[in-house]
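Contents: one structure, followed by commentary.
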Amino acid sequence: MNENTGWSKSTSLKIDCDGFEVVFDTENYQISEFESKISEIDKQLSSLQTKVDKYNEEIERLTNHSDGFDYMIAVGSGIIAGLIDSFFVGEWNFLSAKAWSNETINRFVQKTAESTGFKGGSLNQAIKHLEDNFGIPSDNVWKGSGNAIGAHSHHLDDFAHHPSLVGLFCSIVTQFTGQSYFSNSLGQTITLGANGNLIGSDFPSKIFCGVVNWAFHLVSDMSGSHKTAGVGMGIPGPILSIIKEISAIPGMNKTGLPQFAKEAFVKSRFDLRSELACIKLVGKQAIPVIINECIVRGFYFIRHLVSEIRSKNPQSLNDFLSLEWKRNILPFNNRTIRRMLTISTGTFFAVDLADAAIRSAIKNGGQIQNPKFLSDFILRVNFVGIGRFAVAVVSDIRMETQREKFRDERIKAMNESLHLLNAKTCYRQAEAWVEIKELDHLIHSVEEKAQVALAYAEDSLVKSSNDFEEMKSGLSRIRESNPDFAKELLDILEN
């Protein structure tokens, strides 16, 4: 230590900050350098605070704020939807829906034929009109190929007979390659020569035949051929078409999927008409589910809109439009509405199962061991409601998982902020110590100058004393030799 100042001659400074040792070279560091470091830390702290604010907003959105009234409305909505399902939806009646879809498809085929010049007549005549005027190159080329493609499955095996994007693509490609593309029940992809008479002669005609002819030809096959109009094999629907197309993918063609598609189409007769019947039944079952959704979301919207208006008290249209619509009012994408929907769909699911069990038991005379009880029970279950309940539960759980993730991220960001604040404190301490060292150097310099000044003052005092003694001695000699001059001289000095 310096004997005079108490300051260490070492040019390094060690500071302990929350378990971290920070060493500064106080000889080389300047205050401006510390300020630059502190400025960088402030920028990082600002960025972290922005992240924390975002995490807080997400955590708030993912937090359930439902109260007892919300739960009461959710339960009540589920009960209402369950009663609607019980009295107005009824059981799954596929035969009735299939009859409706057959009639709908038949009418559609006849109207389409009439729009292309058909003058009217029976269904088989309408189909014959469309077959004669809108043929496609891949039709009937499978005959005699010996590739496990039969009369009952060729509409499924021929991609150009699929009402899908793949079907349209294959139809257009056939126009340019002269080849038709099949996939049989063994998973084998087969290319057969196409009927050249139905291929366009130039680019516009190829596109026309690949799109327009293809679309009208599919309509001609919807109700079967003209020989089996209304009852023959139709075309696969979009769902089965996609399943068949997936089954042709390498790897998938080695599974049982190609055979499953064939059995569904040939044995179960699951064609476009069957898919339309299922869509009708699903749509019917979706009615109470949609009503339940509307009740819950509508209640949430109205209640939170009123609450927001009371809180903000808008005085103009701009004030009204500036309300927190997305965060506080709209009934979407927040944990509160998800929890309400989970409860309402769960209530609907419970009411639906109870209704199905009671009606099936009554229908079977209370004999729940009767095998028919189970089939009747299943036919009464609303599968759309079950699916919606499953989606609501998964969504609720996923939001909880996201909430925990954001909470962990917020903790990490806050911990990082604490470390940065500690580092900032260390820099402030180092800055203070550097300033103290500069002050110590200044005090030491002042002390040295004061010692020099004191020595000078002492020397001056000695010289002044010596001069005074000499003056005193000279005055005595003058008084002895010339008293009058000494008196005048004293008068001068006194004045």
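Values as computed for the structure displayed
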| quantity | calculated |
| --- | --- |
| Three-way shape label, segment 416-466, alpha-carbon gyration tensor, a/c 1.5 | prolate |
| The chain - charge dipole about Cα centre, Lys and Arg +1 at Cβ, Asp and Glu -1, debye rounded to 20 | 5060 |
| Given charges at Cβ of Lys, Arg, Asp, Glu: segment 126-258 dipole, positive-most of ILE190, PHE169, MET252 | MET252 |
| Solvent-accessible area, 1.4 Å probe, carbon plus sulfur percent, for segment 284-383 | 65 |
| Three-way shape call for segment 204-255 based on the alpha-carbon gyration tensor, with the a/c threshold at 1.5 | oblate |
| Partner lysines for LYS254 [C-alpha distance under 23 Å; skip if fewer than 8 residues away on the same chain] | LYS244, LYS262, LYS267 |
| Neighbourhood charge, 13 Å Cβ-Cβ cut-off, centred on LEU454 and excluding it, Lys, Arg +1 and Asp, Glu -1 | -3 |
| Relative contact order for the chain, counting Cα pairs under 8 Å that sit 6 or more residues apart, in percent | 22 |
| Protein-only accessible surface order, largest first, of THR191, THR104 at 1.4 Å | THR191, THR104 |
| Cα gyration tensor shape of segment 370-439, rounded if a/c is under 1.5, else prolate or oblate by comparing a/b with b/c | prolate |
| [x] 48.1, 171; [y] 23.5, 75; [z] 22.2, 67, with the label sought being that of the calculated Rg and Dmax of the Cα atoms in Å | [x] |
| Cα centroid separation, segment 274-347 to segment 381-423 (Å) | 21 |
| Accessible surface, per residue, of the chain when the full set of protein chains is kept, probe 1.4 Å, Å² | 57 |
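The values are calculated or read from the model by the stated rules, or taken from the named source; none is laboratory data. Just so you know, these numbers come straight off a predicted model, no measurement behind them. Don't worry about glycine lacking a Cβ; one is built from the backbone with ideal geometry, like all the others, and counts go over all protein chains shown. SASA here: full protein model, heavy atoms, side chains in, ligands and nucleic acids out. Shrake-Rupley method; radii C 1.70, N 1.55, O 1.52, S 1.80 Å.
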